Every structure is written in structure tokens, then in C-alpha cells.
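Reviewing the structure listed below.
The values are calculated or read from the model by the stated rules, or taken from the named source; none is laboratory data. Since we're looking at a predicted model, the values are computed, not measured. Methodologically, a virtual Cβ is constructed for each residue, glycine included, from the backbone with ideal geometry; neighbour enumeration extends over all protein chains shown. Note: accessible area is taken over every heavy atom of the protein model, side chains too, but ligands, DNA and RNA are not part of it. Shrake-Rupley method; radii C 1.70, N 1.55, O 1.52, S 1.80 Å.
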Amino acid sequence: MDVDWRPSAGIDVLRLRARLNAAIRGFFAERGVLEVETPVLSRAGNTDPNIASFSLEFSGRTEGAPRTRWLRTSPEFALKRLLAAGIGDCYELGRVFRDGEAGGRHNPEFTMLEWYRVGWNHLQLADETVELVQAALALVDRNATILRSTFGDLYRDALGIDPFTADDITLRNALGDVRIDPEGLTRDDWLDLLMTHRIQPAFAPDAILVVHDYPASQCALARIRDDGDGVPVAERFELYLGPLELANGYHELRDADEQRQRFERDRAMRAVRHQPAPPIDEAMLAALEAGLPECAGVALGIERLLMAMLGSNRIADVLAFDFARA
């Protein structure tokens, strides 16, 4: 059997990855943000209908607890439990897992950096995320211009449509010659397709773009703000370096009842799509009940950052062994 045993990434890239990890730890040490480690396996999974979790069966004693355990898709729920316990500003740099995501820009296991700042909102955290990305670019002697836009302004400027008020037909027509099977697609799916097919590809390669204040329907775990104009927005941001999305951050929701309702909506959507529904993380909801401090959090993909730093479109170029060689 002819097996390619060699790494998918070059040795120089693996050395750069080590330098990036060290720079990240130095970045947070200077700011007094504590590094923590949380479980990779959990009795609860991610209910987001757009993210698929791996599960496995534990063969040992469980003392009545479920044998099915879920590989984390992010450390978010565990980190929020630590925040509710009073740990303060914290971050984790570690492996996460997502089923069904393998290809040019995706790998089923990858490294995520996630951190939380107590007393901050999403815009303050976006500024710090920009600082971190700039520090990473400095490792390869690059810099980038900084751009900021609301979600609404981005769509109005790029496509001439208002993403908060345009109907589904207008959104579909804005895709132009991009043909997508509309079966089962929601309004948010059309907005996402416009971003990935029409807007993102035009982003300047040497620009960091922060997009903030999303439609309330895309709130995920972010709080919703109502400015009194009839168009509520989710207090979240995404950060792009060139056409690559690197980070997704929230002004975190602290209401346990509202969070439970969102989880249940996720599970209902999963049922409609005939997807498995991981159990809700009751421990995280209990932490919200106990009192999550005012905070903002963000997750950043390390492989995506390395790809953007090097100008690569292949995630295999920055992994020691990608999925095909693992």
C-alpha cells in the first residue's frame, strides 16, 4: 500500500505555527488574561443546526450518567461556567471538532482560540481582536488596513439592498448568476450565501474588516439590542482578513431562560432537517442562572489565521497532517 507519510505542511510553516502560539500566549500574558483548559468530551453537544458534532460511546462506569459523549465544537460552554464561577478574563487555545467539515478550507479537527473579557461589549472586544491579528501579521512582516462596517451598511454598499428589510425574492435575485437550490433555505441562509458568494470574494487581501451588529435572527449566543427604530440587532461581530473569516464574537447573552428558548429553537430546526439533536448543556444554563458576569467573547480559528498570514487557500498547508493524512 502506497501511503504518503510526510506532513501536509512544510516544516517552516510548522515553525511559524509554534511562533504564533507563543505570540498568542504572550499577548494575553501582557494583558492579564488567564489561560485555562476545559474538557474536550461533554455530555452535551452544540445544538446549532449549521454545526455537526461528533459523538462517541464511553465503555466504562458512568454512575448513571449518559454513555454518549460529544466532542466539543468550541470551548464556549465550559468557559462560561468558569466565568460564572468568578475566574475573570480567560482564554483557551485548543483542538475542537466538527463533523462533515473536510475540504480545501475545512478540517474535522482544528485549533480554536477563544477568549472572554469581563465588563466589555462586542465592539471593545473587536478592537482587541484586531490588535491580535495585527500582532500575528507582524510575524510574517505584513500589516493591514483596518476597516469597520455594520452588517446593514456592508450589504447596502456592496449590493444595494437592505438586509434587514429586503424580501426573500430580492435576496435570491441579488445572487445574480449564482444558482442555488432553494429547497429548505431560510432568509438567513440567503443572507449567508450573499456574503460568501457575492461580498466576501471582493474583500481586499491586505485589509482587516470588522462587521458588527447583525440581524437579530442571527443572534446565536449574543444579546439583542433594540434602538427603537423597529430593527433590533444582535450585538455580535465577525472579523475578516482579506476574504477569509477569522473570528466571530458576541456581547454575551446572560439570560438563562432566553438561552434555553434559543437552544430549543435550534433543536426544532434540527428536527425539521432530520438532523440529530445533541442534548442541551444544562450545566451551562445553570451557570447563567447563577450569574454570568457582563462580558464579551470571541472565537478565532488558528488555521484560518495562518492561511491568511501566508496567503494560502488550503488548510492542509498549515496542518502537520490534514484529514487525508491523519
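Odds and ends about this structure:
- Only one entry of Leu79, Leu56 meets the criterion of being farther than 19 Å from Glu303 by Cα, in contact with a Ser or Thr (Cβ under 8 Å, 6 or more places away or on another chain) and free of Cβ contacts under 8 Å to residues at least 40 places away in the same chain, and that entry is Leu56.
- Scanning the range 284-326 for residues that are assigned to a helix (DSSP H, G or I) and at positive phi gives a single hit, Gly291.
One line per residue, one yes/no per condition, for (1) under 20 Å from Arg148 (Cα atoms); (2) at pLDDT 90 or above; (3) of a type in the set (Gly, Ala, Ser):
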site	(1), (2), (3)
Ile180	no, no, no
Glu183	no, no, no
Trp190	no, yes, no
Leu193	no, yes, no
Val211	yes, yes, no
Ala216	yes, yes, yes
Pro232	yes, yes, no
Arg236	yes, yes, no
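- As a summary of the residue check, Cys90 satisfies the conditions (1) modelled with pLDDT of 95 or more; (2) out of contact with any Leu (no Cβ under 6 Å at 6 or more places or on another chain); (3) closer than 26 Å to Leu20 by Cα except for the one numbered (2).
Okay, residues lined up against (1) assigned to a loop (DSSP other than H, G, I, E, B); (2) within 30 Å of Met309 (Cα to Cα):
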| site | (1), (2) |
| --- | --- |
| Ser8 | yes, yes |
| Gly26 | no, yes |
| Pro39 | yes, yes |
| Pro49 | yes, no |
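- Test set (1) open to solvent by 40 Å² or more (accessible area, probe 1.4 Å); (2) of a type outside the set (Phe, Trp, Tyr); (3) more than 21 Å from Val211 (Cα to Cα) - Glu131 fails condition number: (3)
- For the range 87-102, a residue qualifies if it is out of contact with any Phe, Trp or Tyr (no Cβ under 6 Å at 6 or more places or on another chain) and touching a residue at least 60 places away in the same chain (Cβ under 8 Å), and exactly one does: Leu93.
- Thr150 vs. criteria at pLDDT below 95 and either in contact with a strand residue (DSSP E or B) (Cβ under 6 Å, 6 or more places away or on another chain) or polar (S, T, N, Q) (or both): no
- Residue count for the range 277-293, restricted to those that are within 21 Å of the chain's Cα centre (by Cα) and open to solvent by 60 Å² or more (accessible area, probe 1.4 Å): 0
- Given (1) part of a loop (DSSP other than H, G, I, E, B); (2) of a type in the set (Gly, Ala, Ser); (3) open to solvent by less than 70 Å² (accessible area, probe 1.4 Å), index of the condition Ala18 fails: (1)
- Looking only at residues in the range 29-68 that are over 25 Å from Arg98 (Cα atoms) and touching a helix residue (DSSP H, G or I) at 6+ places or on another chain (Cβ under 9 Å), the one that is least open to solvent (accessible area, probe 1.4 Å) is Val33.
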